[in-house]
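This report refers to the structure that appears directly beneath it.
The values are calculated or read from the model by the stated rules, or taken from the named source; none is laboratory data. This one's a predicted model, so the numbers in the text were calculated from it and none came from an experiment. Here the Cβ positions follow ideal geometry from the backbone for every residue, glycine too, while neighbour counts run over all protein chains shown. Ligands, DNA and RNA are excluded from the accessible area calculation, which covers all protein heavy atoms including side chains. Shrake-Rupley method; radii C 1.70, N 1.55, O 1.52, S 1.80 Å.
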Amino acid sequence: MKSLFSRFRKDEDGSQIVDFAIMMPLFLMAMMSSVEIGFISLKHMMLERALDLTVREIRLGTGAAPQHDEIKQKICDRAPMLDDCDDNLRLEMVKLNLRAWQTPNATVDCIDRSQAVKPVRQFSNGNVNELMLLRACALFKPIMPGSGLGRALETDGAGYAAMIAQSAFVQEPK
């Protein structure tokens with residue numbers, strides 16, 4: 001028995017499997033996280049672009065004062081990668097006063113799927129030459145919520161994570 005154990009201890013066959021068993025989970029986690037961050041980046045880029053195009057249209061559309069539902073629909077039409085955009089996008093438009101500056105509230109309202117629906121926190125169209133801040137919060141479900149980056153994301157009770165985009169503009173005169 002002693003010679004069998006000493007022969008087993010000296011045998012180096014299969015020693016690479018130990019390295020593989022240690023490194024493979026780390027490699028898989030890094031690979032899954034890179035796929036997750038790729039999709040999150042793509043969705044966030046589309047939200048930012050849709051918001052920028054919509055704000056540009058509002059800014060240049062002199063005399064037009066689009067309302068909440070119209071702005072939301074334009075953003076959703078321009079961001080096809082956002083999942084169920086009509087239900088998962090929340091907008092907030094705030095007037096900013098340059099002369100008596102107050103920093104807008106840092107917390108952005110997002111929809112929490114596990115709670116009852118809340119009305120829009122604040123949405124007011126600006127008058128001529130007023131500085132406006134438009135913030136959009138879109139919810140998305142992580143692709144792999146149980147691994148790597150998907151586990152690290154802050155989610156609500158229903159498993160949705162939030163991404164936020166904002167844009168400021170001055171309402172042009174008529």
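The modelled label-to-label distance between residue 154 and residue 141, using points 7 Å beyond Cα along the C-beta direction, is 2.3 nm.
Over all directions, the projected convex hull of the C-alpha atoms in the chain averages 15.7 nm² in area. Taking segment 128-150 and a reference point 7 angstrom along Cα→Cβ of residue 98, the backbone N atoms nearer than 17 Å belong to 128-134. In sequence order, segment 162-171 has phi-based couplings of 10, 10, 10, 10, 9, 8, 10, 7, 10, 5 Hz under the Karplus curve 6.51 cos²θ - 1.76 cosθ + 1.60, θ = phi - 60°, and Gly or Pro positions carry x. Here is how the number arises for the chain: DSSP H runs of 4 or more residues each give -39500 (n - 2.57), the sum is divided by the residue count, and the result at 222 nm is -14000 deg cm²/dmol.
Counting heavy atoms of the protein chains alone, residue 107 has an accessible area of about 80 Å² for a 1.4 Å probe. Counting only whole DSSP H helices of the chain, the ones at least 20 Å long by C-alpha along their axis and with mean Kyte-Doolittle hydropathy no lower than 0.5 are 16-60.
Per residue, the average separation of C-alpha pairs within less than 8 Å and at least 6 apart gives segment 1-112 a relative contact order of 19 percent. Ordered by solvent-accessible area of protein heavy atoms (1.4 Å probe), largest first, the residues 60, 53 come out as 60, 53. Over segment 31-80, the pair-distance histogram of Cα-Cα distances with 10 Å bins from zero comes to 25, 41, 20, 11, 3 percent, rounded to whole numbers. Using the heavy atoms of the protein chains alone and a 1.4 angstrom probe, what is the accessible area of the chain per residue in square angstrom? With all protein chains present, the chain gives 65 Å² per residue.
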